[in-house]
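Asks: Before we start, here is the structure in question, set down as structure tokens.
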Amino acid sequence: MIIAIDDTDSREGMCTTYLCAALMDELKEYGNVIGSPILIRLNPTIPYKTRGNASTAFEIKTENPEKVMDHVISRVEELAELQSEMTNPGIVFIPDNDQERVKEELRNFFLKAVREVLEIEDAKNLIAELGLPSKGLKNGRGLIGALAACGAMLNPGWDYTYEYLAYRERNAWGTPREVDEESVRKADLATYPDTWDTVDCANDLVVCVPHAGDPVLFGIRGNSVDVVTKTSQMIESEPVERYMVYRTDQGTDLHLIPADRIADIRDMHSYTIEVTVATEPETIRGGHTIFSIQDEHGDEMDCAAYEPTKNFREVVRKFIPGDRVVFSGSVKNSTLNIEKMKIVSLEEQYESVNPTCTDCGKRMKSAGKGQGYRCKKCGTSADSAEIVKVGRDLETGTYEVPPCARRHLAMPLVRCQDKKKEKEGDGKIFPSR
Ligand SMILES: [Zn+2]
């Protein structure tokens, strides 16, 4: 039987993955947990998400499905942050005999939950139609994620990475985390680029340790169970109550929808689209860098590198109208929020300078407003300024936001690099670290 849960946490506490890990342990009494649990990140633009919009699922072989379901429901009722308005847990079960029958429909539901905007009714209707055992608490919004996680579990063909999550002892929840940063930096150095988003070197931040009141002590993301486990074991910290390694859609770009034209782009979805930079980037109050992009049909929209993307904005500020770029990112308020970008070609840039004296080779001086230019030494003159081509302080290739600003679902360029070994000639990449 597959068991999936979602939306048990609040901004202040709990974590759906912790509940999953605790249940996997407790349910040993009723059967054998098989394979890796999964951690699925859904559409990152959904405003209802509590912290990370994650849901989980695992599979158990049991002779006592009724007892297992009762246990799961009572533990979710007990541990979920039900007092928080935003927390609306959902639990879905897929009995062994139903798995083949519901597989295809749940595969589609999973992909929709990552890329589209689903309503609670969509999940409730499908659950009723398929006749699946489930439990929604409060408004049951978590049924969306739980059903999606079932779909991911039943259809293992998606790209995936791993995350090792270490959990705190209960008496430590809500207190400052004790993790030795030096050991984190060493662990990162030892296993990067097979692990990523442990430390943000450019911004001098440890990013694998959260700050909320939830049970997670740290999370290590990487390519294999072995490498995330090895890295985690190098980290010195307060006592770890339990840990779990999840197979996950984090770092896969599964949320990105290829778009051909701006007219097809809708809010609350994430896209990859090739466009031309249409206006000079401007940095507005709050440090957000914004400019306009245009497609072949002449449609335009805003594109932004917000303040939290830190040093990434320095690259974006070098754009000039005419640059050709493939942008990837989420759209909110009709603005594309850049996650990564591939600069395909750069427009030639010119500037006007004082003309050169034909006799002495030095720059002439302005002779006064509307008076042209003159070389005082030689007496030569010129009517207009000289237009010269200047070098662009920017290279074609693929750039990304730094680890501290990365979306869970966004594929880090170090991973693209690995995958690129298969298809050469895709240009230079500039991983942010
Ligand atoms: Zn001269």
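The values are calculated or read from the model by the stated rules, or taken from the named source; none is laboratory data. It should be emphasised that the depicted structure is a prediction, and the values quoted were computed from it without experimental measurement. Heads up, the Cβs are rebuilt from the backbone with ideal geometry, glycines too, and the neighbour counts pull from every protein chain shown.
Asks: Among 356, 396, which is away from the ligand (no atom under 16 Å from the Cβ), surrounded by 15 or more Cβ atoms within 10 Å (Cβ to Cβ) and of a type outside the set (A, V, I, L, M, F, W, C)?
Replies: Details: 356 fails: away from the ligand (no atom under 16 Å from the Cβ).
Criteria check complete, one pass: 396.
Asks: Among the residues of the range 285-301, which ones are surrounded by 14 or more Cβ atoms within 10 Å (Cβ to Cβ) and assigned to a loop (DSSP other than H, G, I, E, B)? Before the answer, list the steps.
Replies: Let us first name the residues in the range 285-301 that are surrounded by 14 or more Cβ atoms within 10 Å (Cβ to Cβ), namely 288-295, 299-301.
Across the range 285-301, the qualifying residues are 288, 295, 299.
Asks: Return yes when residue 330 is in contact (Cβ under 8 Å) with a residue 12 or more places away in the chain, crowded, with 18+ Cβ neighbours inside 10 Å and part of a loop (DSSP other than H, G, I, E, B) and no when it is not. Break it down stepwise before answering.
Replies: On the way: in contact (Cβ under 8 Å) with a residue 12 or more places away in the chain: yes; crowded, with 18+ Cβ neighbours inside 10 Å: yes; part of a loop (DSSP other than H, G, I, E, B): no.
Judged against the criteria, residue 330 is not a match.
Asks: If you don't mind, there's one more thing I want to ask. Just for the range 359-370: of the residues that are away from the ligand (no atom under 16 Å from the Cβ) and not charged (D, E, K, R), which one is surrounded by the fewest Cβ atoms within 10 Å (Cβ to Cβ)?
Replies: Filtering the range 359-370 for residues away from the ligand (no atom under 16 Å from the Cβ) gives 368-370.
Of the ones still in play, those that are also not charged (D, E, K, R) are 368, 370.
Values: 368: 9, 370: 6.
Filtering first and then ranking leaves 370.
Asks: Being closer than 18 Å to residue 54 by Cβ and surrounded by fewer than 17 Cβ atoms within 10 Å (Cβ to Cβ) is the filter here; which residues of the range 117-138 pass it? First the steps, then the outcome.
Replies: Within the range 117-138, the first condition is being closer than 18 Å to residue 54 by Cβ, and the residues that meet it are 117-118, 120, 123, 136-137.
Correct list: 117 only.
Asks: Let me ask you something else. Touching a Ser or Thr at 6+ places or on another chain (Cβ under 7 Å) and on the phi > 0 side of the Ramachandran plot: which single residue out of 286, 251 fits that description? Full working, then the answer.
Replies: On the way: 286 fails: touching a Ser or Thr at 6+ places or on another chain (Cβ under 7 Å).
One residue alone meets the criteria, 251.
Asks: Are there any pairs, at least 6 apart or on different chains, whose C-beta atoms fall under 9 Å, with the first in the range 193-214 and in a loop (DSSP other than H, G, I, E, B) and the second surrounded by fewer than 16 Cβ atoms within 10 Å (Cβ to Cβ) and of a type in the set (S, T, N, Q), and if so, which?
Replies: Final answer for the pair search is 193/417; 194/224; 202/311; 203/311; 213/175.
Asks: Does residue 130 satisfy being more than 30 Å from residue 416 (Cα to Cα) and in contact (Cβ under 8 Å) with a residue 40 or more places away in the chain? Steps first, please.
Replies: Working: more than 30 Å from residue 416 (Cα to Cα): yes; in contact (Cβ under 8 Å) with a residue 40 or more places away in the chain: no.
Taking the combined requirement at face value, the residue does not satisfy it.
Asks: Based on what the data block shows, is residue 87 polar (S, T, N, Q) and touching a strand residue (DSSP E or B) at 6+ places or on another chain (Cβ under 9 Å)? Let's see the steps before the verdict.
Replies: Numbers: polar (S, T, N, Q): yes; touching a strand residue (DSSP E or B) at 6+ places or on another chain (Cβ under 9 Å): no.
Criteria not met by residue 87.
Asks: When you look at residue 340, is it away from the ligand (no atom under 16 Å from the Cβ) and among the basic types (Lys, Arg), yes or no?
Replies: Values: away from the ligand (no atom under 16 Å from the Cβ): yes; among the basic types (Lys, Arg): yes.
Considered against the rule, which asks whether it is away from the ligand (no atom under 16 Å from the Cβ) and among the basic types (Lys, Arg), residue 340 comes out as yes.
Listed here are the residues, each with its yes/no results for (1) touching a residue at least 24 places away in the same chain (Cβ under 8 Å); (2) outside the structural domain of residue 20 (by TED's automatic domain parsing); (3) assigned to a loop (DSSP other than H, G, I, E, B).
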position	(1), (2), (3)
70	no, no, no
76	yes, no, no
81	yes, no, yes
97	no, no, no
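Asks: Among the residues of the range 255-275, is any crowded, with 19+ Cβ neighbours inside 10 Å and under 12 Å from residue 316 (Cα atoms)?
Replies: No, because not a single residue in the range 255-275 is crowded, with 19+ Cβ neighbours inside 10 Å and under 12 Å from residue 316 (Cα atoms).
Asks: With the structure loaded, tell me whether residue 56 is hydroxyl-bearing (Ser, Thr, Tyr) and part of a helix (DSSP H, G or I) or whether it fails that test.
Replies: Values: hydroxyl-bearing (Ser, Thr, Tyr): yes; part of a helix (DSSP H, G or I): no.
No: the conditions fail for residue 56.
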